[in-house]
1. Taking neighbour Cβ counts within 10 Å as the exposure measure, how do B:151, B:196, B:166 sort from fewest upward?
2. Find how much the distance from residue B:270 to residue B:71 grows on full extension, using 0.36 nm per residue of separation minus their present alpha carbon separation; answer in nm with one decimal.
3. For B:173, B:163, what ranking results if the residue with the fewest other Cβ atoms within 10 Å of its Cβ goes first?
4. In peptide B:122-129, how many Cβ atoms from other protein chains are near each Cβ within 10 Å, on average?
5. Taking neighbour counts of Cβ atoms within 10 Å as a proxy for exposure, in what order, fewest first, do B:260, A:65 appear?
6. Considering every residue in A:137-146, what mean count of other chain Cβ atoms within 10 Å of its Cβ is obtained?
7. Kindly write out, for the range A:121-132 in residue order, the coupling ³J(HN,Hα) from the Karplus curve 6.51 cos²θ - 1.76 cosθ + 1.60 (θ = phi - 60°), rounded to whole Hz, with x marking Gly and Pro.
8. If you average over every viewing direction, what projected area does the convex hull of the Cα atoms of the range B:169-246 give, in nm²?
Amino acid sequence: MIKVYLSNLFRFFFLILLQVLILNNIGLYNMVNPYLYVMFILLLPLETPLYLLLGLSFAMGLSIDIFSNTGGMHAAACTLMAFVRPLVLLIITPRGGYEHQPVPSLRNMGIQWFLTYSVILVLVHHLLLFQLEVFRVNEFLITFTRSILSSIFTLVLIFIAQYLTGSSKKRI
Amino acid sequence: MRNLWLFFLRYYAFFLFLILEAFAIVLMINNNSYHSASYFNSANNISADVFAYVSNAKSFVNLQTVNDSLSKENARLLNLLLSSPYSNGVKKITKSDSSTLRRYSYIEAKVMNNSVHNRNNYLTLDRGSLQGVKPKMGVICGNGIVGTVKDVNEHFCTVISFLHKDSRISARLSATKDFGSLVWDGENPRFASLKDIPTHVKVKLGDSVTTTGYSQKFPENIFVGRVVRCELKSGDNFYNIEVALSTHFSTLRYVYIVEDNFAKELADLESKEVGND
């Protein structure tokens, strides 16, 4: 159990630093910005109580906000993503249920399940985030395109990270 | 009453979600104002320390280019000195005190953090209230404008970059002296567009665009960029002018914060005008 806490704590701080120091400086033609830090919310253990899920996601978003001067934009998007997560988990329950799987990772759940899961949640997060950033009706379409393209980039990074980390099924 | 508590308890996740979301939105709205004394920005202790550490490492790698740009700027400033042009006159130049009141003073600062890829970009500088930085001061660099100071801390300040959806700078064409406002449309950090230039003006491609000094943030005649494209859509009363910015936002290392010594005087006077109307 202590291993679960430690690995999530480590992931929390590692993803914040990775996001603020490296990924925030990456962008293509002002259209694509990757936000890999949402992987933390994707990979929280399945039995995480709701209040902890919401609280941790909010803290994650606020930390990113503090470093990138964005007020509460990321916090708002992350909280929505955390709120939607249990619903998505409910909708795409695999046939056997979640009983033997502590963590919804690519290795544990298989590529098809993980793809659906991450696509829905990353899209929810990015769509809200980019609209909050611009907050203007007459730039709606360009913002929409930006959020779709950025989601694709984020998802590619999440899959690369998933393939690179974790060597065995036992990893949490 | 008991049922009410049970109701709250049953749907506590939803209410917690609402509370957190409301808190986030409030933070976001506060972030748009200048005087927010908030702790949730990159000028606070922890994040400023992290950025200072990284910035030190980066500045070592960039020494060469920084030296080059500084020596270029020194050469430009030396050319402006009264002593550099050869003068035929025999009269000595004397400065009387009252005629040389200094309007602008500059505080040099180092960029700790910078972004160019978002729709709204911000910078963090290593100068704060101890050095006399106040919100709403302008920020320029050796070859152009940078932005406006937003939040100030003891040792650090955050700056709204010109690359921001709410940035508007009063600028004019050097050839005809017509002024308009310069805004960034979010697509390319190297280009901005100059609005509100009426169609009777003859716009030359390659003409330089400079600041007007109307806004108190920037002194007059600071070079901003050059006109690269000028279009007129049928039915429009104003040109659509694209300006190539002279500031290289992605390589900014050292900038100057502009302090207008007459800012208060001017603001008082202008608020009086509005009051009498």
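Values in this text are rule-based calculations from the coordinates and carry no lab data. As the structure is a computational prediction, the values presented were derived from the model and not from experiment. Here the Cβ positions follow ideal geometry from the backbone for every residue, glycine too, while neighbour counts run over all protein chains shown.
1. In increasing order of surrounding Cβ atoms, one gets B:166, B:196, B:151.
2. Values: separation 199, 0.36 × 199 = 71.64 nm, distance 4.00 nm.
Length gained between residue B:270 and residue B:71: 67.6 nm.
3. B:173, B:163
4. Mean partner shielding for this stretch: 1.
5. Working: B:260 21, A:65 25.
Fewest-to-most Cβ neighbours within 10 Å comes out as B:260, A:65.
6. Details: counts 0, 0, 4, 0, 0, 4, 2, 0, 0, 3.
Taking all residues of A:137-146 together, the mean is 1.
7. Running phi through 6.51 cos²θ - 1.76 cosθ + 1.60 with θ = phi - 60° gives 5, 5, 4, 4, 4, 5, 4, 5, 4, 6, 5, 5 Hz.
8. Projected area, direction-averaged: 4.9 nm².
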